[in-house]
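Derivation of every value follows stated rules applied to the coordinates shown; laboratory data play no part. Quick caveat: nothing in here was measured; it's all calculated off a predicted structure. With ideal geometry, Cβ positions are generated from the backbone for all residues, glycine too; neighbour counts draw on all protein chains shown.
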Amino acid sequence: MPMTTTDLSPETERRRAWMSLLATAPERLLSDLMSALGPAPEHRILRAPEVGGVMVRGRAGGTGAAFNMGEMTVTRCALRLADGTVGHGYVQGRSRDHATRAALVDALMQGAQAEEVEAKVLGPLRRARDEKREARAARAAATKVEFFTMARGED
Amino acid sequence: MYVAVKGGERAIENAHDWLAEERRGDTSVAELTVPQIREQLALAVNRVMAEGSLYDPDLAALAIKQSRGDLIEAIFLIRAYRTTLPRLGASVPVETDRMACIRRVSATFKDAPGGQVLGPTFDYTHRLLDFKLAAEGEVAPAPQAKPERADMPRITEFLNKDGLIQTEARDDTTPPDITRTPMKYPADRATRLQALTRGDEGFVLGLAYSTQRGYARSHAFVGELRIGTVAVEMEIPELGFAIEIGEVELTECETVNQFKGSRTEPPQFTRGYGLTFGQTERKAISMALVDRALRWKELGEDNVGAPAQDEEFVLSHADNIQATGFLEHIKLPHYVDFQSELELIRKLRREAQGDREHREAAE
């Protein structure tokens, strides 16, 4: 049984966060940001990008017994850099390029280039994600109902 | 004897070519792009994802374009595609209480913590055609307000604290999967929920409506309806921990139903549950009502013989792809079947005629 997310080391917790960020990153933005890093580092593909389905589960009543809802498309890829670092990419959707780039970033984040990748790729991705979330949340907040009670004047 | 009949290849090919031309329509009108369908017909896309049982907005939009807007045909295309995908695994059950809600309403508690958030809803519109939409024009950006960081606790949890509602005990047993093993009856709730969430919206809506009109009456309040995005996490065996592999928009509906108690349960509220892909609230509410009706046995209620209480009837007819497959196949050539029927009728008529002549001769 894999570890639950509560007993992960800080390093693993960080890796978990960047892999999660890469999974939903807009493909075009990721590609542009990585071009800014320069040419892709030399690497060997360990698992060719593969498109598949993941069964999404829910719980009855939100908290009860697990049930299968339906699948979502996911693409995964694994590769090894020249220095031996292994990177994994799991991304939503069917883009093999996206999965490969995610695996590359995962590998680079474990090496000496981590700081630069964080600043030039992950930072902007995180900001883009947060901005998008904020924009949705702000619109939702504007549709929150303010109730007021009218005095009926009978007593 | 079976006689194979060949032919029609050229007619079929030409029919498909014409279909392609008709799909395109008048070429003096700009062609629809898949991103346009994804962005501007989002609720059709959501329905195709929910009933196609595959969350991928681009694929659903493509299917809608290919099917000329016939959503059941589009769902068929998605189901067919789905079967070609290797299964990479199953997610950790999504945590809908951590949903980033764009809509959250409760019909039972006005002052619920987190408030009533209407979101982009058709509710309270006048249902008058808006002719402005017939002309192209810019849309003003929607108003914004400062979002509160407050949690949106589950409404049913309030009732749960007082023991006024039946609890949903957490259970991490691997649920059965109707896409892998055929449905068996009696079905457990996990199977029922899977069949309902991918079931035909019209069929599930009709059944839900029947429960409101008195067939298996269990007066339902929408305790909570929420729409928003949740992260989907999956354990990655090669890593040894779970990561988010994506984000999906879901609609969740919890109904609170009157319950007078039974031989086994005290008087309390009970729940119906709906959870669907996309912004699909009519479906989610319908699902919750039908889920509740199907729970009569575990709650010790009477089976009043209502259609929505009949698990086998509901589950075996909810899937529109199974239904349309069987229904539409009867328009395909049945020449040999029909020939034998024709022979039979002729024989019966000859015999009936013979009997009559025999009787007349005897009189």
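Observations, loosely collected:
- Distance between the 7 Å Cα→Cβ label points at A:A128 and A:E42: 3.0 nm.
- Computed over all pairs of different Cα atoms, the Kirkwood value for the hydrodynamic radius of region B:228-273 is 14.0 Å.
- The 3J(HN,Hα) values that the Karplus relation (6.51, -1.76, 1.60; θ = phi - 60°) gives for region B:249-261 are, in residue order, 8, 10, 10, 10, 10, 10, 9, 10, 10, 4, 8, 7, x Hz. Gly and Pro appear as x.
- Relative contact order, percent, chain A [alpha-carbon distance under 8 Å, six or more residues apart]: 20
- Separation between Cα centres of region B:203-239 and region B:105-126, rounded to whole Å: 17
- Cα centroid of region B:273-307 to Cα centroid of region A:78-116, whole Å: 44
- Take the Kirkwood radius over Cα pairs of chain A, plug it into Stokes-Einstein at 20 °C and 1.002 mPa s, and you get 118 µm²/s for translational diffusion.
- Rg/Rh for region A:50-142, where both radii come from Cα atoms and Rh is the Kirkwood radius: 1.10
- The length gained by stretching the chain between B:E39 and B:T181 to full extension, at 0.36 nm per residue less their Cα-Cα distance, is 47.6 nm.
- Over region B:300-343, equivalent-ellipsoid semi-axes from the Cα gyration tensor in Å: 35, 14, 5
- Taking only the C-alpha atoms of chain B, the Rg (one decimal) and the largest Cα-Cα distance, Dmax (whole number), read 26.1, 98 Å.
- Most tightly packed first, judged by the mean number of other beta-carbon atoms within 10 Å of their residues, the peptides B:100-110, B:338-348, A:136-146 read B:100-110, A:136-146, B:338-348.
- When restricted to Cα atoms, region B:9-82 yields an Rg and a Dmax of 13.1, 38 Å, respectively.
- Residue-wise HN-Hα couplings along region B:232-242, as the Karplus relation 6.51 cos²θ - 1.76 cosθ + 1.60 with θ = phi - 60° gives them from phi, are 9, 10, 9, 6, 9, x, 6, 9, x, 8, 8 Hz; Gly and Pro carry x.
- Across region B:150-213, the volume of the C-alpha convex hull divided among the residues equals 186 Å³ per residue.
- The mean number of Cβ atoms from other chains found within 10 Å of a Cβ in peptide B:187-199 is 4, as a whole number.
- Close amide-amide hydrogen proximity is noted between A:M69 and A:V56, A:R57, A:G58, each under 5 Å apart and 5 or more residues distant or on a separate chain (H modeled in the peptide plane; Pro and chain starts excluded).
- Applying the Karplus relation 6.51 cos²θ - 1.76 cosθ + 1.60 with θ = phi - 60° to region A:133-147 yields 3J(HN,Hα) values of 5, 4, 4, 5, 5, 5, 5, 4, 4, 5, 9, 6, 7, 9, 7 Hz, where x marks Gly and Pro.
- Relative to the longest principal axis of the Cα atoms of chain B, helix B:281-294 runs at roughly 80 degrees.
- Region B:116-161: C-alpha gyration tensor shape, a/c 1.5 cut-off, then a/b vs b/c: oblate
- Stokes-Einstein diffusion for region B:214-363, with the hydrodynamic radius set to the Kirkwood value over Cα pairs and evaluated at 20 °C in a medium of 1.002 mPa s, equals 103 µm²/s.
- The protein assembly as shown, Cα convex hull volume normalised per residue, Å³: 301
- Spin-label pair B:T174/B:A100, simplified geometry with 7 Å Cα→Cβ offset, distance in nm: 3.2
- Cα gyration tensor shape for region B:71-146, rounded if a/c is under 1.5, else prolate or oblate: oblate
- Expressed in units of 2.2 N^0.38 Å, where N is the residue count, the Cα radius of gyration of region B:1-138 is 1.50.
- Mean partner shielding of peptide A:127-136, defined as the number of other chain Cβ atoms within 10 Å of each residue Cβ, is 2.
- Each label was represented as a point 7 Å from its Cα along the Cα-to-Cβ direction; for B:V336 and B:E13 these points are 2.6 nm apart.
- Reachable lysines from B:K65, criterion Cα separation under 26 angstrom, eight or more residues apart if same chain: B:K132, B:K283, B:K331
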